[in-house]
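Q: Pasting a structure here, questions to come.
The values are calculated or read from the model by the stated rules, or taken from the named source; none is laboratory data. Note that the structure is a prediction, hence the values are computed from the model and not measured. Cβ coordinates were reconstructed from backbone atoms using ideal geometry, including for glycine residues, and neighbour counts include every protein chain displayed. Note: areas computed on protein heavy atoms with side chains; ligands, DNA, RNA excluded. Shrake-Rupley method; radii C 1.70, N 1.55, O 1.52, S 1.80 Å.
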Amino acid sequence: MKPIMFTCGETLLLAPEDIARQIFDLTKWPEFHGYGPIPGIRGAEFEVQTPSIVGSRIWVTNCDRSSHVEEIVEWEPSHRLRLEMKEFSPPLSRLASRFEETWDFKRTGNETHITRSFRLHAKSVLARMLLWMISYFLKRAIVRHLREMRTREEFGRSTVSK
């Protein structure tokens with residue numbers, strides 16, 4: 001069955017490697033606030049942390065007490081990262097087998113354009129219809145998160161320059 005797909009983008013003044021470092025810094029994960037029925041992240045901790053980063057598994061607990069695992073399956077911080085979300089707690093475990101998230105970075109001058117792409121894999125045709133509705137809110141959560149990253153970056157620059 002074809003996955004549900006969507007893409008969001010934003011431009012930051014950070015280098016791709018700095019953005020990747022933030023993604024690997026689990027203290028920053030609660031900065032994802034969700035949107036509508038999509039919960040924010042309460043906390044994240046390494047279940048497995050590998051020296052090469054690829055294969056690292058992160059246990060995520062959301063603000064609504066749901067949970068899932070995110071595994072880093074591709075780590076090329078200068079241009080691309082890919083994570084696989086899986087082992088969802090109910091009710092999402094009844095609808096989806098996994099979500100794939102890819103971060104692509106394109107550096108131009110002193111700016112980095114981030115493209116975050118998602119592929120949501122439904123367990124059935126009925127689940128796909130429900131997952132499509134969830135994807136609507138997830139996309140808004142991702143857009144919000146990217147804007148918040150940009151705002152934090154701009155605020156950080158303005159306080160450093162004073």
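Q: Can you find a residue that is within 24 Å of residue 124 (Cβ to Cβ) and buried (at least 17 other Cβ atoms within 10 Å of the Cβ) anywhere in the range 22-37?
A: Within the range 22-37, not a single residue is within 24 Å of residue 124 (Cβ to Cβ) and buried (at least 17 other Cβ atoms within 10 Å of the Cβ).
Q: Looking at residue 103, is it at pLDDT 95 or above and within 24 Å of residue 24 (Cβ to Cβ)? Write out each step before concluding.
A: Numbers: at pLDDT 95 or above: yes; within 24 Å of residue 24 (Cβ to Cβ): yes.
Yes; evaluated as a whole, the condition is true for this residue.
Q: Which condition breaks for residue 84 when tested against (1) under 20 Å from residue 42 (Cα atoms); (2) touching a Ser or Thr at 6+ places or on another chain (Cβ under 8 Å); (3) charged (D, E, K, R)?
A: (2)
Q: Just to be sure I understand, how many residues within the range 97-133 are open to solvent by 90 Å² or more (accessible area, probe 1.4 Å) and either in contact with a helix residue (DSSP H, G or I) (Cβ under 7 Å, 6 or more places away or on another chain) or part of a helix (DSSP H, G or I) (or both)?
A: Residues that pass the stated criteria total 7.
Q: Output the residues belonging to the range 8-21 that are in contact (Cβ under 8 Å) with a residue 60 or more places away in the chain, open to solvent by 50 Å² or more (accessible area, probe 1.4 Å) and within 23 Å of residue 58 (Cα to Cα).
A: Of everything in the range 8-21, just one residue is in contact (Cβ under 8 Å) with a residue 60 or more places away in the chain, open to solvent by 50 Å² or more (accessible area, probe 1.4 Å) and within 23 Å of residue 58 (Cα to Cα), namely 17.
Q: Name every residue in the range 38-80 that is in contact (Cβ under 8 Å) with a residue 12 or more places away in the chain, among the acidic types (Asp, Glu) and open to solvent by 60 Å² or more (accessible area, probe 1.4 Å), in order of residue number.
A: 45, 47, 64
Q: Across the range 81-96, what is the total count of residues that are open to solvent by less than 70 Å² (accessible area, probe 1.4 Å) and assigned to a loop (DSSP other than H, G, I, E, B)?
A: The number of residues fulfilling the criteria is 2.
Q: Pick from the range 109-162 the residues that are at pLDDT below 95 and among the β-branched types (Val, Ile, Thr): which of them is nearest to residue 22 (Cα to Cα)?
A: The residue in question is 151.
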